[in-house]
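The numbers here are math on the coordinates, done by the rules we state, and not lab data. Treat the numbers as computed from the prediction; the structure is a model and nothing was measured. Cβ: placed from backbone, ideal geometry, glycine included. Neighbour counts: every protein chain shown.
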Amino acid sequence: MEFEFWDNCWQRESQPFHLAEAHTFLVTYVQQYFSKDEKILVPLSGKSLDLVFLSEQGYYPIGIEFNPKAVNRFIQENQLEFASKSFSAPKDHQLVCYHNDTMEVWLADFFEVTQDHIGSFKQVYDRAAFIALPESMRQPYARHLNSLLAENATILLVTMDYQPDEMSGPPFLVTSNEIKQQFPEGKVEELCRCSLLDSHPRWKELELSRLDEVLYKITF
Ligand SMILES: C[S@@+](CC[C@H](N)C(=O)[O-])C[C@H]1O[C@@H](n2cnc3c(N)ncnc32)[C@H](O)[C@@H]1O
């Protein structure tokens, strides 16, 4: 999934993955598993309202998104005011950090952001990030995410579960076994599961026999 694929997606008026409100799993579980004393990494954040929800609740989310259209829309649609600072990265790339007292949004390729830029994280919220990537990119993603983790970290990871012969993705099918393989040092627990079949016409059109959204907690 290269930049162009996502850029085509962001050229459209609406994106199928974007939710009009904070994700119900996040709203339900954030207090139980995340502390307000620690920042929360939100990789591949799009223009997700999860960032707004977290900051309004007193958490400090740090989103990373490489598409300028997504970041600009996020800022405009939520009428946010940010200061910005830039960092250089390999291949003459620029990383831009938009920041205020309640959150940061990095306009950057996730794979180019290191601990030197953002520090390390005890809390990660991954919704439609890991499962947005094809199999060949999931191991590099998991490795890179691992490199940004502090000790005793917790990842809340949202996946989709469906019959592999009924849909090809994205969102890609990621099983609990794969999560265990990709995060071998983590303890993986399924926290919650709910069916999405009635949630969007897109899923009905595909005539899927099963489509569950699943929340995992990975602790280190
Ligand atoms: C399926 S969307 C999910 C967005 C968001 N997490 C949400 O829940 O709405 C995946 C996002 O990842 C972004 N993305 C893909 N690869 C990326 C990368 N290497 N670095 C940063 N962002 C990336 C895409 O532009 C897209 O906005």
Quiz prompt | Scope the stretch 29-65; condition of a type in the set (D, E, K, R) and surrounded by 19 or more Cβ atoms within 10 Å (Cβ to Cβ); matching residues | solution = K39, K47, D50, E65
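To keep it simple, each residue is scored yes or no on (1) of a type in the set (V, I, T); (2) closer than 29 Å to H117 by Cα; (3) touching a residue at least 24 places away in the same chain (Cβ under 8 Å).
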{"site": "L145", "(1), (2), (3)": "no, yes, yes"}
{"site": "L157", "(1), (2), (3)": "no, yes, yes"}
{"site": "D165", "(1), (2), (3)": "no, no, no"}
{"site": "S168", "(1), (2), (3)": "no, no, no"}
{"site": "T175", "(1), (2), (3)": "yes, no, no"}
{"site": "Q181", "(1), (2), (3)": "no, yes, no"}
{"site": "V188", "(1), (2), (3)": "yes, yes, yes"}
{"site": "L191", "(1), (2), (3)": "no, no, yes"}
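Taking E112, is it under 19 Å from E4 (Cβ atoms) and under 13 Å from the mean Cα position of the chain (by Cα)?
no
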Exercise. Could you pull out the residue among S195, S209, S199 that is of a type in the set (S, T, Y), without any contact (Cβ under 8 Å) to a residue 40 or more places away in the chain and more than 13 Å from T159 (Cα to Cα)?
Key: S199
Exercise. Taking the residues in the stretch 13-44 that are farther than 25 Å from L149 by Cα and within 12 Å of the ligand (Cβ to nearest atom) as candidates, determine which candidate is farthest from the chain's Cα centre (by Cα).
Key: S14
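Can you tell me how many residues within the stretch 105-115 are closer than 27 Å to K69 by Cβ and surrounded by fewer than 20 Cβ atoms within 10 Å (Cβ to Cβ)? I'd like the intermediate steps shown before the answer.
Here is the first cut: in the stretch 105-115, the residues closer than 27 Å to K69 by Cβ are 105-114.
Retained after the next criterion (residues that are surrounded by fewer than 20 Cβ atoms within 10 Å (Cβ to Cβ)): 109, 111-112, 114.
Going through the stretch 105-115 one residue at a time, the tally reaches 4.
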Quiz item: In the stretch 143-159, what residues are surrounded by fewer than 19 Cβ atoms within 10 Å (Cβ to Cβ) and more than 11 Å from the ligand (Cβ to nearest atom)?
Solution: R143, N146, S147, A150, E151, N152
Quiz item: Among the residues of the stretch 61-118, which ones are within 9 Å of the ligand (Cβ to nearest atom), acidic (D, E) and without any contact (Cβ under 8 Å) to a residue 40 or more places away in the chain?
Solution: E112
